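Here the structure comes first, spelled out in structure tokens, and everything after it is commentary.
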Amino acid sequence: MNPVTRISLPEPPALTPVSARDFAAWLSWSFFDGICAYCALQSRALEVDHVEPASYAKERRLDPGNLLPACRACNGPGGKSDYHPDHVERRRLPRDTTGYSALDPRFDDFGLLFDVLEDGRLSVRPGKEHDRALWNVQVLLKLHLPKKVRARQELMELRAVAERLVEHLREEGLDASVETSSPTTRLGENARIILNMLARRLLFYDLFSLKLSEDPKALTRNRRHALRTRECGWTPS
Amino acid sequence: MNPLIRNTHTGNALTGGVTKLTATPSTVASVLAELREWNRDLVGAGEGAGVERLQLFAERHMDLRDDLAWRAARGERLNVRERALLEAFDAILDRLMPSPTRVPPDVRQVMDDVLRTM
């Protein structure tokens with residue numbers, strides 16, 4: 001049975017790739033504004049990760065379905081690296097005999113696996129995927145380390161401020177959308193700045209199923225598309 | 001491969017294959033001492049310093065760290081040295097980890113401003 005697809009990527013560009021890096025622009029566009037597919041945080045420089053390491057699946061080295069954008073922290077030696085359930089180094093761990101797979105936002109619903117607490121920590125939800133999710137956080141991707149927690153905490157704060165701001169604007173009878181909020185008032189200018197920032201981090205909230213009471217997509221829809229097309233040299237045909 | 005991790009059945013350093021292993025007290029003490037020394041070297045170093053050394057270190061010891069982390073995550077009680085090793089390792093990993101992009105200071109200022117005025 002095929003796993004349920006949570007994130008549908010657009011068709012990859014038709015090209016004759018020489019290296020996986022050739023898909024970087026497409027992945028960047030698909031995941032929006034430098035979001036790492038594993039920790040869902042934005043990073044300055046993303047790498048193209050082979051979900052199945054090239055050493056274990058040579059034939060998938062240039063398969064766009066085997067590629068995800070990942071930050072150095074998640075993809076490097078302190079993170080996923082060349083993880084594969086059969087990787088000899090991993091199989092030496094006495095308690096790692098289950099062959100848990102790495103998180104994959106295309107098929108895993110992060111919102112079902114985790115709660116993001118207000119202080120930025122991840123709380124693993126109970127359920128049949130509990131152990132795998134816990135293993136990803138504590139062992140493979142190390143999402144519990146303070147830098148990641150602080151970055152998540154900031155995004156949760158941003159969301160809370162945006163929530164209050166939208167509510168306040170509504171009480172004042174003003175439109176909260178990025179496109180129409182009036183820049184002539186201080187409140188309107190603040191709304192524009194915060195909702196722009198929210199738009200840049202929207203995939204983070206999407207992945208963890210964190211919703212604003214106001215539909216964030218309605219608030220930021222046009223801005224999101226504009227960001228994508230401006231910041232990436234490739235757009236789908 | 002970490003030559004300090006030994007097959008608990010034979011006492012030999014690992015040479016491959018799937019065997020049941022454990023981190024012995026002497027292994028933990030030895031790696032902890034090495035980590036502490038490294039941690040001292042890195043005090044004051046900028047973000048990303050020592051990445052090459054981490055890669056080397058990770059190849060040798062990450063399996064030990066991961067083993068301890070998984071035991072702790074499953075609720076197993078670690079002894080003092082094991083806990084210290086895990087904490088030291090995580091502190092170093094955190095220091096070497098490139099920071100995710102944070103909310104920019106000007107947006108933070110706006111957020112504070114909004115919270116003050118509402």
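All of the numbers you see were taken from the coordinates with simple rules; none came from a lab. Everything numeric in this text was worked out from a predicted model, so none of it was measured. We place every Cβ from the backbone using ideal geometry, glycine too, and count neighbours over all the protein chains shown.
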Can you work out ³J(HN,Hα) from phi for every residue in the stretch A:145-162, in order, using Karplus 6.51 cos²θ - 1.76 cosθ + 1.60 and θ = phi - 60°, giving whole Hz and x for Gly and Pro?
5, x, 4, 5, 5, 5, 5, 5, 4, 4, 5, 5, 5, 4, 4, 5, 5, 4
Spacing of the two label points (7 Å from each Cα toward its C-beta) at A:HIS130 and A:ALA160, in nm
2.7 nm
Per residue of A:151-161, how many C-beta atoms from partner chains lie within 10 Å of its own C-beta, taken as a mean?
3
Contour minus end-to-end for A:ASP104 and A:THR185, with contour as 0.36 nm per residue of separation and end-to-end as the Cα-Cα distance?
24.9 nm
Which residues' amide hydrogens lie under 5 Å from the amide hydrogen of A:PHE114, considering only partners 5 or more residues apart or on another chain, with H built in the peptide plane?
A:ARG125
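For a Förster distance of 41 Å, can you work out the FRET efficiency between the beta-carbons of B:VAL80 and A:ARG44, rounded to the nearest 0.05?
Numbers: r = 38 Å, r/R0 = 0.94.
Computed FRET efficiency for B:VAL80 and A:ARG44 comes out at 0.60.
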